[in-house]
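Taken together, the values in this text are just the output of simple stated rules run on the coordinates, not laboratory data. Here the structure is a predicted model, which means the values were calculated and not measured.
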Amino acid sequence: MGRSLYMARPIRSEAPCATCHSVPSAAPPTLLARYGRDNGFGWLDNEIVGAQVISVPYATATANAGRAFRGLMMALIATFAVTFAVVNSLLYSMLVRPVRRIVHIADRLSVGDMSAADFPQRGPKEITSLGRSFNRMRTSLDKALRLLER
């Protein structure tokens with residue numbers, strides 16, 4: 001059968017067991033008929049009277065452990081992939097897209113297109129602050145250009 005893993009635990013007699021297993025005359029007739037008068041007697045309270053042994057082929061145990069490990073790894077990979085996708089989409093919507101809008105508007109203003117839309121005033125605190133600053137700069141630039149035209 002090959003290598004195997006096993007676990008063994010002692011079986012201890014308890015107080016109720018000692019009444020039937022102390023001497024053969026105290027045992028019920030069905031116990032005597034099944035097992036005889038020679039074995040299973042003379043038990044003391046809390047004495048080890050047997051062992052429970054469980055063995056499993058090593059190949060089965062390693063196969064089960066391998067399946068459990070692969071399942072855990074797949075769950076972790078899926079969790080990290082979903083987390084990455086959520087964080088990536090949040091960063092894109094909260095940071096990248098507003099900054100791209102600001103860049104697009106700033107490019108149009110830099111070539112003299114004063115009809116470009118206002119800079120965004122909503123979003124995260126830093127983006128809103130940047131938009132307000134650029135709008136103030138746009139107003140200053142517009143005033144400076146009007147003064148130059150006179």
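Highest mobility in the GNM of the chain, judged by mean-square fluctuation with C-alpha springs under 10 Å and restricted to Asp118, Asp45, Asp107, is found for Asp45. The sum of -39500 (n - 2.57) across all DSSP H runs of n ≥ 4, divided by the residue count of the chain, sets its helix-only mean residue ellipticity at 222 nm to -19500 deg cm²/dmol. Note on the chain: the alpha carbon radius of gyration divided by the globular reference 2.2 N^0.38 Å gives 2.80.
Note on region 1-89: Rg/Rh from C-alpha atoms, Kirkwood Rh, equals 1.43.
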